[in-house]
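So the structure is just underneath, and the comments pick up after that.
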Amino acid sequence: MKKKVAIYPGFGTSTHEPLHQKLIDFAGAVGYSYESLNNFEKNNFLERAKVNVAVWFSFLILNIYKKDRDLVKYKGIKIFHSLIEYSIRMHPLGKFIFNSRETLDLIAKSINYIRCCTRFFKQNNVVLIIGGDEAYIHGSILGQLAVQKNIKHLYIKQFNPYIAGFHFDTKTLYAGPNFKTYPDFYSTLHLDPEIINQYRNEIRDAANGRPNYFFMRNQDTPIPDLTKVEKDFLDDAVVLFLHDFIDSPGIYGSCVFFDQWEWIAESVTILKRYNKRLVIKIHPNVNDSNKVAIQLLKQLYHDDKSILFIEKKTSLIVLKENGIRGVLTLFGSVIVECAFLGIPCISAANNPYIGFEISLNAISKNDFRKKMANLCGGKIQQEPGELKMKSVRAFISHRMFYAANYLVKNLPYDDVDKDLFQEMYAEIPGTVNYGINERRSVFLNSGKLREYVIEKINCEEADLKERFYFLIN
């Protein structure tokens with residue numbers, strides 16, 4: 001009789017690791033980490049030959065067509081999307097390079113892992129797959145295999161103050177909320193007008209550039225005034241909001257572009273065709289690992305008088321007051337701010353607000369070009385009142401959907417339980433001068449939080465078990 005096993009990431013924050021083990025216990029299974037499945041690789045001549053043929057065939061297709069993220073499959077499993085995401089996160093400039101040794105190696109890694117998983121599944125009774133980050137190769141492959149083989153699975157997502165659980169979507173290659181269902185979800189909420197107004201104020205504060213954790217606004221530095229040159233340049237310009245270069249452009253699954261570099265280059269080309277200026281706005285909480293990429297980007301467009309870089313934490317309201325034509329983002333929360341203020345916004349990836357259609361979301365590169373042409377030609381018609389109402393509903397839905405799918409709730413966080421967070425955070429040495437990102441990273445990986453979560457899980461085991469069985473079925 002095959003033994004019952006569960007597959008889990010085997011790595012993660014202090015919050016997730018004890019939770020993984022508890023879920024494995026609930027399933028009555030033995031845990032195997034993602035990496036341990038590589039031990040089921042066969043290393044003989046015939047096996048290597050099969051893998052090599054598949055690798056070179058996939059590599060050839062990839063470099064000939066260069067179409068989209070669903071292009072390359074092996075045994076019904078899409079490998080291109082996660083390969084791109086992994087490559088971008090590992091590349092110092094956040095770039096994906098088609099014709100490279102690294103891409104060839106990642107294709108081989110993906111195909112080998114699929115074959116290892118297939119052997120493992122034949123030899124064991126896999127009753128549960130716990131997912132971590134599906135943008136990485138292991139998480140994406142296992143999510144698709146779970147759906148393909150009808151195996152119970154749960155991908156763990158942290159959205160403060162909740163840890164929630166979701167199923168993998170093989171269409172978007174994302175394991176999280178189905179954003180297109182948000183309008184239906186919102187209709188079930190029946191919220192008090194006062195609560196709605198609180199969320200409305202939160203969006204308004206973000207658009208004003210005030211500190212805000214959900215919108216990634218850093219509270220550590222003031223917002224300086226724009227110069228006259230910057231103000232003059234902004235009039236009728238299109239503003240591209242950069243994301244973190246090392247972050248995943250496919251963080252929510254499907255994305256029109258392979259990486260930010262391709263998105264920027266395409267935007268520049270189109271705007272030049274229509275004689276429009278471009279402002280590239282640096283992410284307000286940009287990570288230090290982005291410095292080299294940003295410096296290279298500035299050098300690339302250094303002599304282009306139709307492009308201006310703004311590193312200041314300038315608010316969207318100030319940009320609007322200075323006459324911008326529209327905003328470009330892949331998936332960012334600036335979508336909500338734009339809709340709230342009635343600014344046309346073109347997005348290019350699956351995103352939390354797609355269900356309410358508050359941005360002009362491109363579904364292909366040709367569609368992106370058409371939407372850009374409409375933006376440049378002033379052909380975008382939007383009803384500001386309706387757009388503002390939808391932006392608030394979209395924002396509320398995204399915040400509350402995690403609460404409806406929680407596994408663990410009420411975690412200490414700097415924007416939720418300030419006293420408890422500060423008390424625990426203060427006990428971690430060397431963190432006094434950290435900003436939001438560094439503070440959270442240290443906290444999530446601290447022994448103090450691990451102890452807290454283990455105690456919380458043990459105290460609330462009955463509720464956790466009930467939520468677990470509810471969410472996996």
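Of the residues making up region 214-261, those that are at pLDDT below 90, among the β-branched types (V, I, T) and either assigned to a loop (DSSP other than H, G, I, E, B) or within 30 Å of A135 (Cα to Cα) (or both) number 5.
Take region 349-365 and flag every residue that is in contact with a helix residue (DSSP H, G or I) (Cβ under 6 Å, 6 or more places away or on another chain) and outside any helix (DSSP H, G or I). If the condition is that a residue be in contact with a helix residue (DSSP H, G or I) (Cβ under 6 Å, 6 or more places away or on another chain) and outside any helix (DSSP H, G or I), then P352, Y353, I358, S359, L360, N361, A362 are the ones that fit.
Screening K122 on (1) touching a residue at least 24 places away in the same chain (Cβ under 8 Å); (2) within 30 Å of F26 (Cβ to Cβ) shows it passes everything except condition (1).
Inspect all residues belonging to region 93-104 and state whether any of them is at pLDDT below 85, of a type outside the set (S, T, Y) and not in a helix (DSSP H, G or I). The answer is yes; a qualifying residue exists. Just one of the listed residues (L296, L316, L330, L278) is in contact with a Ser or Thr (Cβ under 9 Å, 6 or more places away or on another chain) and more than 30 Å from G132 (Cβ to Cβ), and it is L278.
Taking region 87-133 as the search range and keeping residues that are among the small types (G, A, S) and in contact with a helix residue (DSSP H, G or I) (Cβ under 7 Å, 6 or more places away or on another chain), which one is surrounded by the fewest Cβ atoms within 10 Å (Cβ to Cβ)? The extreme case among them is A108. Entry remark, region 164-207: residues being among the hydrophobic types (A, V, I, L, M, F, W, C) and over 25 Å from F80 (Cα atoms) number 9 in total. Taking region 26-52 as the range and being exposed (fewer than 13 other Cβ atoms within 10 Å of the Cβ), modelled with pLDDT of 80 or more and part of a helix (DSSP H, G or I) as the test, the residues that pass are E35, N39.
From the list I88, I141, I61, which residue is out of contact with any Ser or Thr (no Cβ under 6 Å at 6 or more places or on another chain), of a type outside the set (D, E), part of a helix (DSSP H, G or I) and modelled with pLDDT under 80? Even if it seems obvious, please write down each step before you answer.
On the way: I88 fails: modelled with pLDDT under 80; I141 fails: modelled with pLDDT under 80.
Result: I61 is the single residue among I88, I141, I61 that is out of contact with any Ser or Thr (no Cβ under 6 Å at 6 or more places or on another chain), of a type outside the set (D, E), part of a helix (DSSP H, G or I) and modelled with pLDDT under 80.
Comparison of N197, N201, N124, N178 shows that the only residue that is polar (S, T, N, Q) and touching an Asp or Glu at 6+ places or on another chain (Cβ under 8 Å) is N178. In region 144-163, the residues that are over 22 Å from H81 (Cβ atoms) and in a loop (DSSP other than H, G, I, E, B) reach residues that are at pLDDT below 95 and of a type in the set (S, T, N, Q) with C-beta atoms within less than 9 angstrom, at least six apart or across chains, in these pairs: K152/N473; P161/N410.
Where residues in region 367-381 are more than 21 Å from S333 (Cα to Cα) and either at pLDDT 95 or above or of a type in the set (G, A, S) (or both), which of them is surrounded by the fewest Cβ atoms within 10 Å (Cβ to Cβ)? Only one residue tops the list, namely G377.
Against the numbered list (1) under 25 Å from D169 (Cβ atoms); (2) surrounded by fewer than 22 Cβ atoms within 10 Å (Cβ to Cβ), L60 comes up short only at (1). So which of I335, I310 ends up being modelled with pLDDT under 95 and closer than 28 Å to K228 by Cα? Going through I335, I310 in turn, the sole match is I310. Within region 157-188, the set of residues being within 23 Å of N410 (Cα to Cα) and surrounded by fewer than 15 Cβ atoms within 10 Å (Cβ to Cβ) comprises just one member, T188.
Just to be sure before I move on: is S33 of a type in the set (S, T, Y) and under 18 Å from G131 (Cβ atoms) in the structure I sent? Outline the logic, then answer.
On the way: of a type in the set (S, T, Y): yes; under 18 Å from G131 (Cβ atoms): yes.
When the stated conditions are applied, S33 passes them.
The values are calculated or read from the model by the stated rules, or taken from the named source; none is laboratory data. Treat the numbers as computed from the prediction; the structure is a model and nothing was measured. Cβ sites come from the backbone with ideal geometry, for glycine too, and all protein chains shown count toward neighbours.
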